[in-house]
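See below for the structure under consideration.
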Amino acid sequence: MNSKFEPLFETLTFKNGIQLKNRIVMAPMTNWSSNPDGTVTEAEVNYYARRSSGVGLVITACTYVTANGKGFHGEFGGDRDELIPSLQKLATAIKEQGAKAILQIFHGGRQVPPELVPDGDIVSASNIPAEGNGKPVPRELSDQEVNSIIRDFGETTRRAIEAGFDGVEIHGANGYLIQQFFSPHSNRRNDRWGGNLEKRLTFPIAVVNEVKRVVAENAKGPFIVGYRFSPEEAETPGITMADTLVLIDELAKKDLDYLHVSLQDFWSTPRRGVDDTRSRIEIIQERVGNKVPVIGVGSIYTPDEALKAFQTGVALIALGREMIIDPDWVQKVQEGKENEITTEINKDNQEQLVIPDPLWQAITHTPGWFPGIQ
Ligand SMILES: Cc1cc2nc3c(=O)[nH]c(=O)nc-3n(C[C@H](O)[C@H](O)[C@H](O)COP(=O)(O)O)c2cc1C
C-alpha cells in the first residue's frame, strides 16, 4: 500500500470496546430489492456480502420500525418478530465477510408513498405537506401515537440485537420522521413535542433514550448506537446550521458511539445560520471535538479524496455510490492498486458488481445521479 493512505487503515475502537479494522464505512443505501412481505432477498444479501470484506463497517439500507413508516418499495422490514430470521441473514452475510454490521432504523413520516402504508394513512409531526407539487397532506400524530413510534424504534433495536447486528443507526436525516419532528417546517405543534427549538428536540432525544434503554436491557455485549442527521434544510422555515449545532450538543451528551453527517457533498458550505465560510463538516467536527466520533460522507470517489476528507479530523469516511461502483475499492488501496479503482459505473457489469435488478434499474434510469450515467 502507498504509505500515504495508512491513516485510513488505522483501527478505531469505540468507547464500548468494539473495534473497526479501518476507517472506511459503507454508507446506508436503499436498494428497493426486498420482498413485499419485508423479508430480504437472496439478491440483496449477495450484494451486501460482495461489499463487506474490505470496509470496517457496513450500514444497511433503512428498515421501517412500524408499518406506517415504510418509505420505499422493496424496503426490508424490522417491525415484526417474524422478520428476525430475515434480519439475521443480512447481519450474518455482512459479518462473515469481516465488517461490523449496523442496521439503519427508520420511519418515513410524511415522505412515505401512500400505497405502501396501511389505509394510505400518512403521518407526521404536523399536517404540513413536504414542499413540491402534489405532496400529500399528512395526519398529525396523537401524543399516544408518538409514544408508540418511540417504542417501535426500541423494538426494532431489540430485533437487531437478536438478529446478531453489531449496532443500529438511528436515521434522523434526509427529511424523514425524526427530522420532521426537529424541523420548524414540518413540526408546528404546541404540545410537549414542539413549539420551540428545545421542544422540537424532544422526539429525537426520546428515540435515542429508548434505543439506549433497550440496548442496556437486551444486549449481552457491546452494541453500537449511532445517529445520522442532515445539517440543513432548504425550506423556510427549516433547519439551519445554528439549529444543528444545538442538536449536536444534545446528542453529544447521550453517550452515542458515533454521529453521522448526511451530505451529498462532503465539502458543502452552510446555507444560513452561522457566520462561517468553512465547510459544514469542519464546523460540525470542531463543535463535536473529541466527544464522539464523526462519520463524514458525500461524493468521495478516490482514495486521495478520502484522505483529504479524513484530514479534517473526522473519525470515519463513508462511501455510498463509490461502494456500488467499485466493491473492491478498499482492497485495491490496500494492495497499492489504487490506479485500478473505477469511479464511473460500468453499464456492462451488473452481474460482476452483484447489483440487484431494482437498484440497477434505479441507477441506470436516473441521469446525473451516478457518474457514468448521463
Ligand atoms: C442508492 C442510494 C440509496 C440511499 N439510501 C439511503 C438510505 O437508505 N439511508 C440513508 O441515510 N441514506 C441513503 N442514501 C444516501 C447515502 O447514504 C449518502 O449519504 C449519499 O449517497 C452521499 O454519499 P456518496 O456521494 O458517497 O454516494 C442513499 C444513496 C444512494 C446512492
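The values are calculated or read from the model by the stated rules, or taken from the named source; none is laboratory data. Just so it is clear, the model here is predicted, and its values are computed rather than measured. With ideal geometry, Cβ positions are generated from the backbone for all residues, glycine too; neighbour counts draw on all protein chains shown. Heavy atoms of the whole protein, side chains included, go into the accessibility calculation; ligands, DNA and RNA do not. Shrake-Rupley method; radii C 1.70, N 1.55, O 1.52, S 1.80 Å.
Annotations for the structure displayed:
- Among Gly77, Gly175, Gly336, the residue with the largest mean-square fluctuation in a Gaussian network model of the chain, with springs joining Cα atoms closer than 10 Å, is Gly336.
- The chain, accessible surface, carbon-and-sulfur percent (1.4 angstrom probe): 45
- Fluctuation leader among Asn218, Asn46, Asn190 - the chain, Gaussian network, Cα springs under 10 angstrom: Asn190
- When Asp326, Asp348, Asp37, Asp79 are compared by accessible area at a 1.4 angstrom probe, the order from most to least is Asp348, Asp37, Asp79, Asp326.
- Solvent accessible area, Å² - Glu115, 1.4 Å probe, full protein context: 120
- Taking a ≥ b ≥ c as the square roots of the eigenvalues of the Cα gyration tensor, an a/c ratio of 1.5 or more together with a/b no larger than b/c marks region 184-341 as oblate.
- Look at where the Cα atoms of region 7-82 and of region 224-241 average out, and the two centres are 21 Å apart.
- Among the trypsin sites (Lys or Arg not before Pro) within region 246-319, those in coil by DSSP and having at most 16 neighbouring Cβ atoms inside 10 Å are Lys253, Lys254, Arg271, Arg272, Arg278, Lys291.
- Checking the Cα-Cα distances for Lys291/Lys337; Lys21/Lys220; Lys89/Lys135; Lys199/Lys220; Lys100/Lys337 against a 32 Å cut-off, the pairs over it are Lys291/Lys337; Lys89/Lys135; Lys199/Lys220.
- Accessible area of Thr11 in the full protein assembly, 1.4 Å probe (Å², nearest 10): 70
- Largest to smallest principal axis extent of the C-alpha atoms in region 165-227, angstrom: 40, 23, 12
- Taken about its Cα centre, the chain carries a charge dipole of roughly 760 debye when the Cβ of each Lys and Arg holds +1 and the Cβ of each Asp and Glu holds -1.
- The chain shape via C-alpha gyration tensor axes, a/c threshold 1.5: rounded
- Shape call, region 247-312: gyration tensor on alpha carbons, a/c limit 1.5: oblate
- Estimated from the Cβ-Cβ distance and a Förster radius of 30 angstrom, the FRET efficiency linking Asp249 and Thr269 is about 0.90.
- Among the trypsin sites (Lys or Arg not before Pro) within region 146-234, those in coil by DSSP and having at most 10 neighbouring Cβ atoms inside 10 Å are Lys220.
- Volume per residue of the C-alpha convex hull in region 38-144, rounded to whole Å³: 129
- Kyte-Doolittle mean at least 1.0 and Cα axial length at least 15 Å: DSSP H helices in the chain: 241-252
- When you filter the trypsin sites (Lys or Arg not before Pro) in region 1-82 for DSSP loop state and at most 16 other Cβ atoms inside 10 Å of their Cβ, you are left with Lys15, Arg80.
- GNM top mover of Gly109, Gly17, Gly71 - the chain, alpha-carbon springs below 10 Å: Gly17
- Calculated FRET efficiency for the pair Phe370/Ser53, C-beta based, R₀ 25 Å, to 0.05: 0.65
- Accessible area (Å², 1.4 Å probe, nearest 10) - Ser148: 40
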